[in-house]
Structure formats: C-alpha cells, structure tokens
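Read the structure below first, then the notes.
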Amino acid sequence: MAIENGKRVKVEYTGTLDDGTVFDSSEGKAPLEFTVGEGKVIKGFDDAVKEMSLDEEKEIKIPSAEAYGDIKAELVKKVPRDQLPKEQEPQVGMILGVGMPNGQQIPARITEVADNEVTIDLNHPLAGKNLNFKLKVVGVE
C-alpha cells in the first residue's frame, strides 16, 4: 500500500552525487523521520517516498531543480574584508554565518579572497547538483 500525505515515515538512505561521492547517509544514525507532504524534505525525496510502501527499497535520481535548485549568480557577492569577523583570517572554502534581516543565519562559503574584498557564495552547497538516493522505508505511522 502506497504511503499517503500526512503519514509519518522513517527512511534509511544514502545520498550520492553523479560522480559517486556520498554527501549524506543515515548509516550509523537513526533513520530520517518526517511527515510526508509537509515539505520538510526536498520535493523529489518526498515524492519518491509517496510511491513506496513499508520495507520497500528504491534508487532514485533527483534533478537539481527538484533538489536544491540551480546555482544563482546573484547569490555570489563581493564583501569588503573589513565587514568580516576579525578573529579569523578568511580562507577559500571557509563557511561564514550571514545574518538575515529576520534574524536567521544562513551559511556562506568563501570562494575567493583578495586584498580588500572576499567573494562569498550564498547558494546551497548542493545547488546545481543532481542527487541520487538509495531509500528504504523502515517505518510508517
């Protein structure tokens, strides 16, 4: 019997990129728990689980548009170095917390460091990437 919206599920999973790199897994951790259809997981993952039943295993590919979206050039910004925290020397690859007007913090990855400015990327680290998952539904309530 297929899982319906509103059902609470437990899912074991391994997520990989197209090159085989594992970016996330429930292995060694508790299964991922969420309510189907609430939008708490990416759309492609939620949609795939709706088509499954208890103890079913499946492999899926989620195009970037249904995962974290495409890379948006407008989310790459240049910031004066004097606006960065003074405690640490900025380095390419470093993650900074950027405060939003609503008080929320979002991660920004440093992509370039120059004498007077730093380039930060506010895109999700998985933006622009297709995601592959091995799924197994291990609980349905």
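Can you pull out the trypsin sites (Lys or Arg not before Pro) in the stretch 21-127 whose DSSP state is coil and whose Cβ has at most 13 other Cβ atoms within 10 Å? Before the final figure, lay out each step's value.
Numbers: sites: Lys29, Lys40, Lys43, Lys50, Lys58, Lys61, Lys72, Lys77, Lys78, Arg81, Lys86, Arg109; in loops: Lys29, Lys40, Lys72, Lys86.
Sites meeting the loop and neighbour criteria: Lys29, Lys40, Lys72, Lys86.
Which number comes out as Rg/Rh for the stretch 73-121 once both Rg and the Kirkwood Rh are worked out on C-alpha atoms?
Working: Rg = 10.5 Å, Rh = 11.1 Å.
Rg/Rh: 0.94.
Cα extents of the chain along the three principal axes, largest first, in whole Å?
Taking the Cα atoms of the chain, the three principal extents are 60, 35, 29 Å.
Lysine pairs in the stretch 1-106 with Cα distance under 24 Å, only those 8 or more apart or on different chains: how many are there?
29
Compute the convex hull volume of the Cα atoms of the stretch 1-76, divide it by the residue count, and report the result per residue in Å³ as a whole number.
Values: hull volume 9.0 nm³, N = 76.
Measuring per residue, one finds 118 Å³ for the Cα hull of the stretch 1-76.
Springs between alpha-carbon atoms under 10 Å, Gaussian network over the chain: tell me which of Pro85, Pro31, Pro101 tops the mean-square fluctuations.
The residue that fluctuates most here is Pro101.
Any read-out appearing in this document is the output of simple, stated calculations on the displayed coordinates, not a laboratory observation. None of these values were measured; they are calculated from a predicted model. Every residue, glycine among them, receives a Cβ derived from its backbone with ideal geometry; neighbour counts consider all protein chains shown.
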